[in-house]
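A short write-up of the structure that comes next.
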Amino acid sequence: MSESDDLKVAELRRLMPSVTAGIYLNAGSNGPLPAEVHAAMSEVNAQELATGRAAEHVMDDVQHRVDELRGVFAGVLATDLDLVAIGHSTTESVMRAVAGVHWRPGDRIVTFDEEYPAIRGSLASLADHLGLSVRTISLRDGVGRPRSDDELISEVMPALDSPTRLLLFSGVSWLSGRVLPAQRMLDAARERGVISVVDGAQWIGARRDDMGRLDPDWLAFPSQKWLLGVEGIAGVRISRRALEGGSFAPLASGFLGFQTPALDGRGERWGDARAYQLSGFSRPSLAGAARAAGWLSMQVGLPWAVERSQRLAGAFYASVQSIPGVELLSPPGGHATIVSLRVANWEAEELVNELGRRAFAITRRVPPLPSGSGAPASAAALRTSWGFWNTDAEVTRITALIELFARHTPSTLPPRPALEILHESDRAPDVER
């Protein structure tokens, strides 16, 4: 890393105080909040406290702030503004798309076993309600190892034949961090007339891919993870093909989805992605989400941030790959900024706790998977999420601890060195004073 990079990282860490309170390795749940984002939200909060939230112009301001956020998200995706809408969460946005498909009894949905559990459970409920079937493909083979892209594609291709109407997958698995072969699957879905819905929760802000080339019918992603924003805000990109072809019906829209209110019982929806927008957005949250993604894009530099995050994740993967007893959940070179692993004789929760105690590291335990879809049951795992705010020294520190854990069991692990806290009266006198 160059000296200029050292200086840039040091300054960015100063502007993100939480990343210096410990080793911040959980942007896969929530990214660190930049001070500038907190200031933007505080400014709107203060205004609402001082003058209230009930003035008529406030509703117009919500519209303006939503459009501003759409513009920022369009910039992140390098896509057209009219293809972008705002939602409340990735799961809600994904399932609104799925519910809006023109389903027929007997239609099939194809998905994967590492999809987010709220989405998998919602798909099961929808299938029961409408008489659909769900085909779940495992990302692991019959002995639990990560399958190659070619192995996945060989099972996906025939599954896309009739009666399949929808392919739903995450660009990056929230469990293992592996990158799915999105381009090959999306191309195959288009060739067969299958609608595609993509969960971008661990993708957008963590990777730089050409969304115009990939062009899923529906892509949803959150503000609070890799875009460093706030909970309760999500972005949606709808392909022009899906918009013009009516792939999804806007079954429920808030006032932000209508160009003219439905006072006549129908109203007039927007003719672009805004037709799919709900309402009920907090103005401070909208301000924070826009400031976060804008700050990341324009001041940090999204290409630089993604390249650095991926380099650090790759360095950590490479450094722990050869440690005896360590099992990595994604194939070599097949991960994004998440690296998930298991250590022999350790429970994932024990790893999370020890990393917190010994390095003040914030990591995440990801749950086990039951057997099914041709794969055996899996154990819970430790998930680390690497961002541009992390340092090479932190990679070295976490690697050393994983190596220490792998040499021991929880019962044989040497105790942490005691911290000696000196009171002012215990300090040696300063003879040069």
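The values are calculated or read from the model by the stated rules, or taken from the named source; none is laboratory data. As the structure is a computational prediction, the values presented were derived from the model and not from experiment. Note that each Cβ is placed from the backbone with ideal geometry, even for glycine, and that neighbours are counted across all protein chains shown.
What the table below lists for this structure:
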item	result
Any hit, the range 321-330, residues being outside the structural domain of PRO181 (by TED's automatic domain parsing) and part of a helix (DSSP H, G or I)	yes
Odd one out for GLY271 among (1) in contact with a Lys or Arg (Cβ under 9 Å, 6 or more places away or on another chain); (2) part of a loop (DSSP other than H, G, I, E, B)	(1)
Residue within the range 126-138 that is in contact with a Ser or Thr (Cβ under 8 Å, 6 or more places away or on another chain), within 19 Å of VAL198 (Cα to Cα), surrounded by 12 or more Cβ atoms within 10 Å (Cβ to Cβ) and among the hydroxyl-bearing types (Ser, Thr, Tyr) present	yes
Selected residue [closer than 15 Å to SER173 by Cβ and not basic (Lys, Arg)] from ILE338, ILE323	ILE338
Number of positions in the range 166-187 that are part of a strand (DSSP E or B) and either among the aliphatic types (A, V, I, L, M) or surrounded by fewer than 20 Cβ atoms within 10 Å (Cβ to Cβ) (or both)	5
Counted residues, the range 252-270 - those being over 15 Å from VAL62 (Cβ atoms), surrounded by fewer than 13 Cβ atoms within 10 Å (Cβ to Cβ) and free of Cβ contacts under 8 Å to residues at least 60 places away in the same chain	7
Residue in the range 240-259 that is in contact with a Gly (Cβ under 9 Å, 6 or more places away or on another chain) and either within 27 Å of THR384 (Cβ to Cβ) or not assigned by TED's automatic domain parsing to the domain that holds VAL84 (or both) present	no
Pairs, first under 20 Å from ARG165 (Cβ atoms) and of a type outside the set (A, V, I, L, M, F, W, C) in the range 127-152, second modelled with pLDDT of 95 or more and assigned to a helix (DSSP H, G or I), C-beta under 7 Å, six or more apart	SER133/ALA127; ARG135/ALA159
Unique match (being out of contact with any strand residue (DSSP E or B) (no Cβ under 6 Å at 6 or more places or on another chain) and in the same structural domain as ALA188 (by TED's automatic domain parsing)) among ARG311, ARG213	ARG213
Failed criterion for PHE73 (all others in (1) closer than 26 Å to LEU180 by Cβ; (2) out of contact with any Gly (no Cβ under 7 Å at 6 or more places or on another chain) hold)	(2)
Verdict on HIS102 being closer than 18 Å to LEU227 by Cα and in contact (Cβ under 8 Å) with a residue 60 or more places away in the chain	no
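For every residue, the table says whether it meets (1) at pLDDT below 95; (2) among the basic types (Lys, Arg).
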residue	(1), (2)
MET1	yes, no
LYS8	no, yes
ILE23	no, no
LEU33	no, no
ALA39	no, no
GLU43	no, no
ALA46	no, no
